[in-house]
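Only the coordinates and a few stated rules stand behind these numbers; no lab work does. These numbers come from a predicted model, not from an experiment. No Cβ is skipped: glycine too gets one built from the backbone with ideal geometry, and neighbour counts run over all protein chains shown.
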Amino acid sequence: MMSTAWLAGFALSFSLILAIGAQNAFVLRQGLMRAHVGAVVAICCLSEAALIFAGVAGFGALAALAPWMVEAMRWGGAGFLVIYGLRSLRTAWTAEDALDTSGAAKGSRQAAIGTALVLTWANPHVYLDTVGLIGAVAATYGQGRWMFGLGALSASALFFVLLGYGARGLAPVFARPGAWRILDAVVGLTMLALAVKLIATT
């Protein structure tokens, strides 16, 4: 029963996190730049742990009683995504240099951690999916719900580690300015599309 719950949690979490989103795009970008990867991956994993086990503990029911929290996160997240998306598009338009693959850090550690936190916690879908959905499914496993949550966390942690550190294998490709500008453009458009989706959500 416990192994079944773990596998079910792993499968559900992995299927949810595979979708391209603001958080994943940021982790990928940091991995390509080799900039504060460990800190960013740690923040994402710790945040996922807090969200998943809050859902398993029943936070989803609390969110249902206070829908204003989801609404505030929706508009705040949309605003942040618009700003971040426009900045990425501007970078794609103006960038002239190739990606520095020497391992030199780009930007401060505090800025990277702050961005990772905002992209994670200001996204209302994380409360609907990671907290609400995972929490609801975990509840069906009774005493095995904590093992289900552990399986879900295992999938998330594995994904972020592979995304952050595996991105280094793509560094030679992004040594060309054109490839880097395409990535920034895709990230920017993804952010804006997510913002529109959040605004249109009723």
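A few points about this structure:
- Cα-based shape type of the range 131-188, given that a ≥ b ≥ c are square roots of the gyration tensor eigenvalues and the cut on a/c is 1.5: oblate
- Maximal additional length on extending the ALA136-ARG90 stretch stands at 12.5 nm, based on 0.36 nm per residue less the C-alpha distance.
- Per-residue Cβ neighbour rank within 10 angstrom, fewest leading, TRP6, TRP121, TRP93: TRP93, TRP121, TRP6
- Compared with the alpha-carbon gap, the fully stretched path from LEU170 to ALA57 is longer by 36.8 nm at 0.36 nm per residue.
- Charge tally for LEU117 (other residues, Cβ to Cβ under 15 Å; Lys, Arg +1; Asp, Glu -1): 0.
- Net charge over other residues, Cβ less than 15 angstrom from the Cβ of PHE53 (K, R count +1; D, E count -1): -1
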